[in-house]
Each structure stands twice: as C-alpha cells, then as structure tokens.
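In what follows, a structure is listed as structure tokens, so that the remarks can point back to it.
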Amino acid sequence: TVIAPRQICDGIFDCSDLSDECLCVTSSFGAADLCSSVCYGDQSTSCSQCRTVYKLFLKQVCNGISECQNGEDERNCSGRFECDAGHRVWLTGSKKVVSIDNKQKCDAVFPPECLDYSDEVNCSESTHFYCESGTPFFVRRDQVTDGNRDCADASDECPPNVFQASDISSREELIKSPFLRAMIWFMACVAINGNALVFFFSLKSLWENSKKAKVLQAPRVAVINKLLILNLSIADFLMGVALLIIAIKSAQFSGQYCWRDLLWRSSTTCDVIGVLSVLSCEASVLSLVCLTSYRLYTIYFPLKSRTVSTKVATIWIIGIWVLCFVLALLPLSDHLSRYMVTTIRIKTTPYLKTEMIRFDQLLAFTKRISVTQRNVSVEGVFTTGSWSVLQRFLNTNFPGHAPEPVGYFGYYSASAVCLPRYFKLTTDQLGLNEISAVIMSFNFITLLYISAAYAAIYKRTSSGAFSANTANRQQTEQRQKNAKNLQRKISILILTDFSCWLPVCLMTFISYRESGLPSFVYSVSAIILLPINSSLNPIIYTDAVPKLYR
C-alpha cells in the first residue's frame, strides 16, 4: 500500500501491518495495546514474543536499531560502527540502538552517540583534545587555548605543546632550563649580598669622610664619590631583589606553572618585578654616567672639582630616581594602556567568545553595541580611547553587557620572568614597543659616552701629568701606583659594560631590521646579560669585597 507522507504518524492506521503508526515514537492515538502485539521481524525468522510477524521495511535493516529479539536485522552491516548507543523509545516500546553510522564516528559531537564514548576514542588530534581529568571526555580542537576553560581541569588551556615556542617556560616550569634556574639564584645572591656589602662599607666610609671634611675643611671629592657609589649599590640591589622574586616564584610554581601562568603574569607582583628591573638598570646607568663624569672632571680639573658640594651630588641622585621612576611606571600609565597593554583577561560573558581579548576586539564590540542606542555619545571614545575609557563607556551606558576585567597583559607581562623585552623575537605577533627602542637608544649613547670618558681618563693617567706638578718623589710613585690600579679597574669596567649592554643594544637594532631574533636570545639576555653589571659593579667600583679578606 502506498500512502502520502502526511498520513504517517497521524493517529490513523492506513497500512495493513499498522507500520504507519506503530513505528512512530509518539502518536496521537491511544491504541498502545494494539501496537504492542505487533513485531516487525524478518520473514525467514520469527520473533518469538510477537503474535504477528510482518516483513521489515528495507530502511529498518542495518539502521542501528535492533528490531528482532536476537538482533539479526543488525548483524554483518557494512558502514556501521557497533557500540551501545542506548535505547530509543517508540510507541511499541523501548528499542536498543546497537550501532551508529560510520560518519558519526569521530564527529566531535558532545555528548557522543555511544554511551561508552567509544565512537570518539583514538580520533585525530586535528579534531579532538582529550581532557586530562576526563571531564568532559574531550573538547573540539578549536576550543584549545582559546581563552575559555572547557575542561574541568583547564587542561585544554595547557596542552603539552602550549609553551613549545618559548625558550624560557615550559608547561611545568616557569624557567624550564635547569642551568638558567641555577643562574638566576646565583645572580640574585651575588647582586643582593655584594651590593649589601657595598652599601654597608660605603655608608661607613661616607660617614668617616664627612666628619673629616667638616673638621679639616677638606675637599668633598671622596664624599661625593662614596655618595654616588652608595646610590649605585642601591640601584644594583634592586635588580637582585627582582631576580630573587623570580627565583622564588619559579620554585613555587614548579610542576604546575601552566595553570598559574595567566594569574601570575597579570599579577601586581609581576608588574613590580618589571618596574624594579627598569629602575635598577636605568638608575645604574645614570649613576655610572654621573660617577664617570665626576671622575673625568676631577682628573682634568682637580682644583675646581674640590669646590663641588655634596648638595650638587644630592640633586643628581634625586634627578636620577625621579627620571627612572617616571620611565619605569610609564608602561603602567592608563593613558598609554592602548599601546602598552596587548590583551586583557575577562570573566566569561555570553557577548564575547573568549576570556582573552585584544584591544581591537573590545573596540569592535563597543562599536557594535553602541549602535543599539542612538542617544549614546561616542565622541572621542573610538579614536583616542584607552582600555579604561572603553570600560567606563560600557559600564556607564551598557552596565549589563560590559566585560569585567580580571587581569591585564602588557609591557612587563609579555614573558613569565616579567622582565621587559628590549628586542623583537621571531615568535612575536606584534612589533617592538617604542619605549624599548627609546631605552636601548639611550643606553647605547651612555655606553659610548662612558667608554669614551674612561678612555680619556686612561690616557690622562698614563701621560704622567701628575709627576710634573709633584715635588715629592714618593708622592709621585704613589700616584703612579694609584693610576695603574685605576687603569686596571677602567679596563675591567669597560669590558663588563660592553659585555652587558652592547649585545643587548645591538640585538635591539638588529631585530628592527630583521623579522626578529630567536627566542632563546631573550632568556639569555634577561637572566645573564642584563643582571651581570648589578653583580660585578660592587667588585669593580669599590674595595668592599677585598676588605673582607684583610
């Protein structure tokens, strides 16, 4: 019998075998008892529990649903994946689903068709990511590292290869290289202990020289030198503190760093490390400039240099720290956040697809939502607005739709060690920040100045200028001896300055011209090259360390 589609499952029996109604999941008629007495089995095989046997339609064979009691209609079916897929409720009763179409295997649909998830096991890594906790069993590959924690244990945001492009961190360690982990402890201890000794001896010597200068009305050359060295030791001490914090956090996060990465890099502590490192480096550089300039002045103008008062040195020091604080806090300025903050992390919201958003994404969202209200003023918001300007605009006009920030990722949080990146790497998606170029250009100029100044000092002390004005031969010999000691220190000083800043400056300039530098360059420069001056300056500029062995 041929019937129209509208006659199927309409509550009226049109077929002689009642199949137009009894094979429906639901039906509007109430003759359940009539359908329960009907079995649709193979003509060659009887269904033992049925009183009437009808021939199965072709579409009911190998459709995954066991119609016959012994399941003969679903045996030896091609193009099917056998598994327990539960039961389906029909008007004639609940029937077991024993297989699914092969197209449904590894189709990345959750929950899976098979109850035991066997249809989604051993699937391609290009389509599936299996949660380590098993809750849920898997997520789609496009959900991995998308900023949303889809797995209960957040393993989709920390896959095994998540830090594959990083030469500093790994999934387990903040600093993955055992050598660099040891070096950061070593550098921190040397910088802190060495500069603490310099501070103590310089403070003691400063006190003694100040008393002598007052009693004897002697020139304050030694006092000013000690004052500048004291300032240098404070600057270098800060680098040791920053390195120590990184070392402690590396040990604290050991074995589980990936799950702490976002919270760590968006934390205040990370920003403090970045500020301390810039403060230390630039205050150290400027202190060296002042110290070098004063030494150059005393060599070429020995009489005039005695008239310089300690107030002048104090003004220098205050100016150094004011300038360095401004430079270090500049990346945290709200007005510059549009250029300094690359992404922010927000609480999950139905209006944005990810927890990590860039400025252009927030700007596009703000533009879309502002169109819904005509009376909203957007003047200046889109052209000059920063992150906070957009946030205030959304909170004021669309309080129920404004994303809530959890953490900011910017200049100091570009890497796990929170030290500023002064050059571009091949893995960077964005260009080098302008403030890095300014700092490196300034440091390069100061490096050239310091080298030229000490070369002039070296030449002056080697020319024998002191002996012509010295009446006493013993004093001449002593001055020549002091000159040789100074020349030796100058040679070491220039060598360490060049070993620290010259490679970093050159890498900055090279990265501007090239597509970027290998990522391992940053880990070496951040942990070894940049802190080296902070560790060696106490040895070069003072006799604090040798005094311990006298």
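The values are calculated or read from the model by the stated rules, or taken from the named source; none is laboratory data. For clarity, every value in this text was computed on a predicted model and none was experimentally measured. Neighbour counts run over all protein chains shown; Cβ positions are idealised from the backbone, glycine included. Side chains are part of the model used for accessible areas, which takes the heavy atoms of the whole protein and leaves out ligands, DNA and RNA. Shrake-Rupley method; radii C 1.70, N 1.55, O 1.52, S 1.80 Å.
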**Asked** If Ile175 passes every condition in (1) in a helix (DSSP H, G or I); (2) at pLDDT 90 or above; (3) open to solvent by less than 70 Å² (accessible area, probe 1.4 Å) but one, which one does it miss?
**Response** (1)
**Complete:** Scanning the stretch 266-295 residue by residue, the ones that are touching a residue at least 12 places away in the same chain (Cβ under 8 Å), of a type in the set (S, T, N, Q), under 25 Å from Arg345 (Cα atoms) and open to solvent by 10 Å² or more (accessible area, probe 1.4 Å) total 3
**Asked** Is it the case that some residue within the stretch 180-202 is assigned to a loop (DSSP other than H, G, I, E, B) and either in contact (Cβ under 8 Å) with a residue 24 or more places away in the chain or touching a helix residue (DSSP H, G or I) at 6+ places or on another chain (Cβ under 9 Å) (or both)?
**Response** no
**Message:** Taking the condition of being in contact with a Ser or Thr (Cβ under 7 Å, 6 or more places away or on another chain) and not in a helix (DSSP H, G or I), how many residues in the stretch 350-405 meet it?
**Reply:** 8
**Residues within the stretch 238-260 that are among the charged types (D, E, K, R) and crowded, with 18+ Cβ neighbours inside 10 Å, tallied** = 1
**Asked** What do you reckon, is Thr310 farther than 30 Å from Lys226 by Cα and either outside the structural domain of Asn225 (by the TED database) or out of contact with any Leu (no Cβ under 6 Å at 6 or more places or on another chain) (or both)?
**Response** no
**Search result, residues across the stretch 387-415 that are closer than 30 Å to Ile273 by Cα and open to solvent by 70 Å² or more (accessible area, probe 1.4 Å)** = Arg392, Glu404, Val406, Tyr408
**Message:** Within the stretch 116-130, take every residue that is among the hydrophobic types (A, V, I, L, M, F, W, C) and in a loop (DSSP other than H, G, I, E, B) and give me the one that is most open to solvent (accessible area, probe 1.4 Å).
**Reply:** Val121
